[in-house]
Amino acid sequence: MRRLTIHACCLATLAAFPAGADVTPEDVWAALVEQLSLQGEVTADTVRSGDRLTASNVTIVGNSGNIDTTVRFNEPFVFRDLGNGTVATEIATSMTVPFSTITPDGQTISGEYQLTQTGMKIIASGEPDNILQQISAETIAYRLSDLQSPADGTVVSLAATLSNLAGNWRVAGEAPRKLTSEYGVQTVALAVSVDVADDAVSVDVDTSLENVAVKLDYTQAGLGPDADDKELFNAGFAVNLATSTTGSSFAVNGDTEGRTMIVSGQAGPGQSNISVSKDGLQMTSRSEGIVMSGAVADLPFPPVEMRLSNTETILTMPLAETQTPQPFRFRTKLDGLQVSDFLWSLVDPTAQLPRDPASLTVDLEGAGRWLVNFLDEGALLALQGTPFLPSSVALSALELEVAGASLTGSGGVTFDTPEGGFPQPSGSVDLSLTGGFGLLDKLAAIGLVPQQAAQGIKAVSGIFAQRGDGPDSLTSTIRLEKDGSITANGVPIQ
């Protein structure tokens, strides 16, 4: 896992740095310095005049992963006492932020990004150790142009625009400090351009998100930018992030030696939740109404299209090394998969196969020991062999529907690991197949499976499976024994 670079973190902080009964301009400035100091040493010139505190020449110098970075804000921050116990933060409508980075091999990467905003209002309230920052803006835009790598000449440009933003951010408590925030953004537009001159490759990516909602709970570790991930998590760093959107779209244009590839897509409502701490990773994501298409210019083929009714992914796992078995889960679901008739025609020009939407669900859960700390980069690089020693794995669900056939399954396996040996599985999996012979006949009819092979598969299936309750239905129980033997319906297969 790699943390954001200093200048990216500064952008996030500017958009909603912390603030909460009575606060003074000095309190709000101190809160901003506290947050920026997590990225490096902060210096500035401050002047108090009347109800205003002005911080000029704000500069951050930090080191992370042996990379030295300097960021400077060319425009001042003004903190204005509103006379009612609250403070307004005023930022220029346009601000240029130069930065420079020195890599471990001594190369310097420098550039500047442009921050612009319209209609931004930031009001701080509360108490010095519990500051609430409320923010609204018509637009907030970030642009970085023509950042060139000295190594290979790769040029990167990116831009991000947030429209009609409203939300809040609170920092409270003693160390480790707790940050909570909640935002709504009507539109998020992202654009990235990469040009690799030596390889004659260029890629442009445009993404748009509609009605974005973000909720963040963040526990700071209170360590500086030179702390590695393992130190951060051991000090209490934790993140809980929930996002949702009512729709999204993207377009990718790639050019390689004069040949252009175009990929585009869109999706309906989507949600994601991710929690990361030293206790582990928990992640869920769901999307609906996914449509994608791709084409290569100058080729005599129509665009390739794919549709998905909905998708779901769930992942739960430890991140640190464990001495005893810990639970894990992985679930993936692809529902209503459809591809364009052009793709079907390549394998089935006479439309012998049913073209109903396909679906796949796999749900695995169990427990096991993790033999490496995923937060320790050195341990990962030195890893030899498997990072995981299972003690049990359960197939809670297997559901596959494709081309008129349906396969389902469930079962479980436990593992006995002798000292210095390999895990020995024991358990069983029940499988049920409907429409399998019908699909096999159609595959043979269009030449994808030789007729003789199809007949052989049917003959062998009578040994390892038995007929189910309905037509063209087979069932089988696969059993694994501790001695290494495997049987299907009692028939040895190993």
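The values are calculated or read from the model by the stated rules, or taken from the named source; none is laboratory data. Note that the structure is a prediction, hence the values are computed from the model and not measured. FYI the Cβ positions are ideal-geometry reconstructions off the backbone, even for glycines, and counts take in every protein chain you see.
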From the list SER275, SER287, SER248, which residue is under 17 Å from the mean Cα position of the chain (by Cα), of a type in the set (Ser, Thr, Tyr), more than 30 Å from PRO357 (Cβ to Cβ) and surrounded by 17 or more Cβ atoms within 10 Å (Cβ to Cβ)? SER275
I'm checking my understanding of the structure. Among residues of segment 452-487 that are within 26 Å of PRO418 (Cβ to Cβ) and among the small types (Gly, Ala, Ser), which one is modelled with the highest pLDDT? SER485
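For ARG259, state whether it is among the basic types (Lys, Arg), out of contact with any helix residue (DSSP H, G or I) (no Cβ under 8 Å at 6 or more places or on another chain) and exposed (fewer than 15 other Cβ atoms within 10 Å of the Cβ).
Values: among the basic types (Lys, Arg): yes; out of contact with any helix residue (DSSP H, G or I) (no Cβ under 8 Å at 6 or more places or on another chain): yes; exposed (fewer than 15 other Cβ atoms within 10 Å of the Cβ): yes.
Spelling it out, ARG259 is indeed among the basic types (Lys, Arg), out of contact with any helix residue (DSSP H, G or I) (no Cβ under 8 Å at 6 or more places or on another chain) and exposed (fewer than 15 other Cβ atoms within 10 Å of the Cβ).
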Spot the failing condition for ALA124; the list is (1) in a strand (DSSP E or B); (2) more than 25 Å from the chain's Cα centre (by Cα); (3) within 30 Å of ASP105 (Cβ to Cβ); (4) among the small types (Gly, Ala, Ser), and only one is missed. (3)
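Take the residues in segment 146-165 that are touching a strand residue (DSSP E or B) at 6+ places or on another chain (Cβ under 6 Å) and at positive phi; name whichever of them is surrounded by the fewest Cβ atoms within 10 Å (Cβ to Cβ).
In the first step, residues of segment 146-165 are kept if they are touching a strand residue (DSSP E or B) at 6+ places or on another chain (Cβ under 6 Å); the result is 146-148, 154-165.
After this cut, where a residue has to be at positive phi as well, the list is 146, 164.
Numbers: ASP146: 10, ASN164: 14.
Result: ASP146.
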Among the numbered conditions (1) modelled with pLDDT of 95 or more; (2) more than 30 Å from SER149 (Cα to Cα); (3) of a type in the set (Val, Ile, Thr), tell me where THR219 comes up short. (1)
Given segment 32-89, what strands (runs of 3 or more DSSP E) lie entirely inside it while holding 3 or more residues that are surrounded by 15 or more Cβ atoms within 10 Å (Cβ to Cβ), in contact with a helix residue (DSSP H, G or I) (Cβ under 8 Å, 6 or more places away or on another chain) and on the phi > 0 side of the Ramachandran plot? none
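Just one of ALA295, ALA320 is of a type in the set (A, V, I, L, M, F, W, C) and not in a strand (DSSP E or B); which is it?
Numbers: ALA295 fails: not in a strand (DSSP E or B).
Checking each option against the conditions leaves just ALA320.
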Considering only residues that are exposed (fewer than 13 other Cβ atoms within 10 Å of the Cβ) and among the small types (Gly, Ala, Ser), look in segment 335-368 and name the one that is farthest from SER293 (Cα to Cα). ALA351
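When you check THR414 against the structure, is it closer than 19 Å to PHE464 by Cβ, in a strand (DSSP E or B) and not aromatic (Phe, Trp, Tyr), yes or no?
Numbers: closer than 19 Å to PHE464 by Cβ: no; in a strand (DSSP E or B): yes; not aromatic (Phe, Trp, Tyr): yes.
Spelling it out, it is not the case that THR414 is closer than 19 Å to PHE464 by Cβ, in a strand (DSSP E or B) and not aromatic (Phe, Trp, Tyr).
Under 26 Å from GLY184 (Cα atoms) and modelled with pLDDT of 95 or more: does that describe ILE131?
Numbers: under 26 Å from GLY184 (Cα atoms): yes; modelled with pLDDT of 95 or more: no.
Spelling it out, it is not the case that ILE131 is under 26 Å from GLY184 (Cα atoms) and modelled with pLDDT of 95 or more.
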What is the number of the single condition among (1) within 20 Å of PRO98 (Cβ to Cβ); (2) of a type in the set (Lys, Arg); (3) in contact with an Asp or Glu (Cβ under 8 Å, 6 or more places away or on another chain) that LYS178 does not meet? (1)
Determine which member of the set LEU474, LEU443, LEU439 is in contact with a strand residue (DSSP E or B) (Cβ under 7 Å, 6 or more places away or on another chain) and part of a helix (DSSP H, G or I). LEU439
Any idea which residue in segment 225-236 is modelled with the highest pLDDT, counting only those that are surrounded by 15 or more Cβ atoms within 10 Å (Cβ to Cβ) and in a loop (DSSP other than H, G, I, E, B)? GLY236
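Farther than 27 Å from ASP363 by Cα and not in a strand (DSSP E or B), is that true of PHE250?
Details: farther than 27 Å from ASP363 by Cα: yes; not in a strand (DSSP E or B): no.
Spelling it out, it is not the case that PHE250 is farther than 27 Å from ASP363 by Cα and not in a strand (DSSP E or B).
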In the set THR207, THR139, the lone residue that is over 21 Å from the mean Cα position of the chain (by Cα), modelled with pLDDT of 90 or more, of a type in the set (S, T, N, Q) and within 30 Å of PRO269 (Cα to Cα) is THR139
Taking segment 323-362 and keeping only residues that are within 19 Å of LEU440 (Cα to Cα), in a strand (DSSP E or B) and not hydrophobic (A, V, I, L, M, F, W, C), one is left with SER359
